[in-house]
Every structure is written in structure tokens, then in C-alpha cells.
Amino acid sequence: KAGVTQTPRYLIKTRGQQVTLSCSPISGHRSVSWYQQTPGQGLQFLFEYFSETQRNKGNFPGRFSGRQFSNSRSEMNVSTLELGDSALYLCASSYSTGGGYGYTFGSGTRLTVV
Amino acid sequence: DAKTTQPNSMESNEEEPVHLPCNHSTISGTDYIHWYRQLPSQGPEYVIHGLTSNVNNRMASLAIAEDRKSSTLILHRATLRDAAVYYCILIRRDGGSQGNLIFGKGTKLSVKP
């Protein structure tokens with residue numbers, strides 16, 4: 001079966017712009033979570049959606065937002081980009097929320113802010 | 001949040017077994033133990049997870065201590081492709097505020113030919 005698909009794979013944006021990243025989970029998976037990975041901070045949780053509802057949010061500013069659609073596809077948006085937002089953004093999907101099921105990660109979107 | 005402690009790095013020889021330890025002394029009764037690994041330039045990959053009993057799958061085995069305060073990921077025959085950072089993570093059964101994956105620094109496994 002198809003894995004988690006993230007688009008685009010690479011993105012270059014200018015400071016002050018906004019960006020939208022997309023994540024298509026594995027068919028049947030209803031939980032989608034987002035992570036930011038940087039060399040300095042490692043992997044950090046952004047937010048999790050389950051059945052179109054945000055269940056959890058990490059410690060990121062309000063410039064980072066997301067949503068989930070009825071088909072479980074998810075988008076995350078970053079407004080007013082800063083240089084420090086340059087990172088690998090990863091999406092993970094799971095059949096359900098909680099620890100009973102494993103999470104499958106996509107290959108990520110590499111965002112560079114210049 | 002229940003935390004985990006792992007060694008920063010470990011080395012193994014190819015085709016030998018590898019035992020990656022993880023301490024989680026503050027684990028609660030509803031926490032699942034998950035293991036993920038991240039190969040260079042890739043997203044994390046699910047390896048295995050368990051609650052109380054030992055678990056086996058095609059990738060690895062998970063040995064969970066009787067008191068659940070520690071666990072060990074076992075790679076039965078290490079290959080060069082197993083060189084990665086391995087993360088041990090606790091996730092509460094019902095998700096909620098603990099539903100996300102909290103990644104620590106993990107253990108960087110090097111495999112020598």
C-alpha cells in the first residue's frame with residue numbers, strides 16, 4: 001500500500017512569506033501529526049490531528065497552524081516565515097491516536113528560508 | 001511526560017546481534033513503548049512497539065523488563081543498513097496530551113563491516 005506522501009519535497013521561501021505543506025496519510029489512517037527537525041533542536045512535535053480535530057499542540061508560536069480534511073489529508077501552514085523556520089518538516093500517520101498503533105513517517109519537506 | 005534514557009552511541013560488528021537499551025523508570029501502566037529509527041537523510045521509521053510482553057517482528061525483537069522500567073531493542077544480525085539513530089519513546093494508550101511522539105536524542109548505532 002502507498003506510504004505517507006508529503007509535498008513538496010523541497011521548498012525555498014523568502015523571509016516574511018507564508019508556506020503551506022501537504023501530507024497524505026496511509027489509507028485508513030485517521031491520525032496525522034507534524035514534526036520539525038533541525039540539527040540544533042532535533043525532532044520536535046508540532047501538532048496532531050485526529051478525525052479533523054486538533055488533539056495536541058507542541059510548543060510553537062501561533063505562526064504555525066494546521067488542519068485536517070475529511071479524507072484525513074492534512075496541511076500545515078507557516079506564516080511570516082523567519083530564517084529559523086528552515087528545517088525538515090515531517091508528517092506521520094497512524095490508524096488511531098495513542099500508543100496502540102505504530103506511526104508511519106513521510107520523507108519530509110525540506111524548507112529553506114532565505 | 002514519562003521520559004526515556006538511552007546511551008548516546010553504540011558500535012556493533014556486522015552480522016552480530018545488537019542490544020539497544022532504554023530506561024524508562026517513570027513509565028505509567030498505560031504507556032506503550034515504541035522504537036523508531038532514522039537513517040541518514042530519511043524520516044523516522046517505525047521498528048516495533050509493545051506494552052508488557054516481549055514482541056517480535058521481521059525487523060527486531062523488543063524485550064520488556066518485568067517491572068517495565070526498562071526495555072531492550074534487539075537486532076538479531078546487524079547489517080550496514082541498520083546504522084541509524086534509534087529512538088525509544090513512550091506513548092500513552094489513549095493518546096491525548098501524551099499522544100504525540102516525544103523524541104529524545106536517541107542512540108546512534110554504528111555498524112562496522
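The values are calculated or read from the model by the stated rules, or taken from the named source; none is laboratory data. Predicted model, so just to flag it, every value in this text is computed and none were measured. As a convention, Cβ positions derive from the backbone with ideal geometry for all residues, glycine included, and neighbour counts pool all protein chains shown.
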Report task. Return only the number of the condition from (1) within 12 Å of chain B (Cβ to nearest Cβ); (2) under 22 Å from B:Ile89 (Cβ atoms) that A:Thr53 does not satisfy. Result -> (2)
Query raised in the report: Quick one: is A:Gly84 exposed (fewer than 15 other Cβ atoms within 10 Å of the Cβ) and part of a loop (DSSP other than H, G, I, E, B)?
Result: no
Query raised in the report: Do you know which of the residues in the stretch B:57-72 that are touching a residue at least 12 places away in the same chain (Cβ under 8 Å) and closer than 16 Å to B:Asp31 by Cβ is surrounded by the most Cβ atoms within 10 Å (Cβ to Cβ)?
Result: B:Ser71
Query raised in the report: Since A:Gly99 meets every condition but one in (1) modelled with pLDDT of 95 or more; (2) among the small types (Gly, Ala, Ser); (3) touching a Phe, Trp or Tyr at 6+ places or on another chain (Cβ under 8 Å), which condition does it not meet?
Result: (1)
Query - Within the stretch A:1-31, tally of residues that are modelled with pLDDT under 95, surrounded by 13 or more Cβ atoms within 10 Å (Cβ to Cβ) and either of a type in the set (Val, Ile, Thr) or touching a Phe, Trp or Tyr at 6+ places or on another chain (Cβ under 8 Å) (or both) - result: 3
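Just the residues that are surrounded by 15 or more Cβ atoms within 10 Å (Cβ to Cβ) and of a type in the set (Ser, Thr, Tyr), please, taken from the stretch A:87-114. Quick ask: steps written out before the conclusion?
In the first step, residues of the stretch A:87-114 are kept if they are surrounded by 15 or more Cβ atoms within 10 Å (Cβ to Cβ); the result is A:87-111, A:113.
A:Tyr89, A:Ser93, A:Ser94, A:Tyr95, A:Ser96, A:Thr97, A:Tyr101, A:Tyr103, A:Thr104, A:Ser107, A:Thr109 - these are the residues of the stretch A:87-114 that are surrounded by 15 or more Cβ atoms within 10 Å (Cβ to Cβ) and of a type in the set (Ser, Thr, Tyr).
Considering B:Thr4, B:Thr79, B:Thr26, B:Thr52, which residue is surrounded by 14 or more Cβ atoms within 10 Å (Cβ to Cβ) and polar (S, T, N, Q)? Can you show your working first?
On the way: B:Thr79 fails: surrounded by 14 or more Cβ atoms within 10 Å (Cβ to Cβ); B:Thr26 fails: surrounded by 14 or more Cβ atoms within 10 Å (Cβ to Cβ); B:Thr52 fails: surrounded by 14 or more Cβ atoms within 10 Å (Cβ to Cβ).
Selected residue: B:Thr4, the only one of B:Thr4, B:Thr79, B:Thr26, B:Thr52 that is surrounded by 14 or more Cβ atoms within 10 Å (Cβ to Cβ) and polar (S, T, N, Q).
Here are B:Leu73, B:Leu62, B:Leu90: which of them is assigned to a strand (DSSP E or B), away from chain A (no Cβ under 13 Å) and not hydroxyl-bearing (Ser, Thr, Tyr)?
Details: B:Leu62 fails: away from chain A (no Cβ under 13 Å); B:Leu90 fails: away from chain A (no Cβ under 13 Å).
Within the list B:Leu73, B:Leu62, B:Leu90, the selection yields B:Leu73.
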Requested in this report: May I ask you to list the residues in the stretch A:99-114 that are hydroxyl-bearing (Ser, Thr, Tyr) and either at the interface with chain B (Cβ under 7 Å from one of its Cβ atoms) or not in a strand (DSSP E or B) (or both)?
Outcome: A:Tyr101, A:Tyr103, A:Thr104, A:Ser107
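For the structure I just gave you, tell me whether A:Asn59 is more than 14 Å from chain B (Cβ to nearest Cβ) and loosely packed, with under 15 Cβ neighbours inside 10 Å. Step through it out loud before you land on a result.
On the way: more than 14 Å from chain B (Cβ to nearest Cβ): no; loosely packed, with under 15 Cβ neighbours inside 10 Å: yes.
Spelling it out, it is not the case that A:Asn59 is more than 14 Å from chain B (Cβ to nearest Cβ) and loosely packed, with under 15 Cβ neighbours inside 10 Å.
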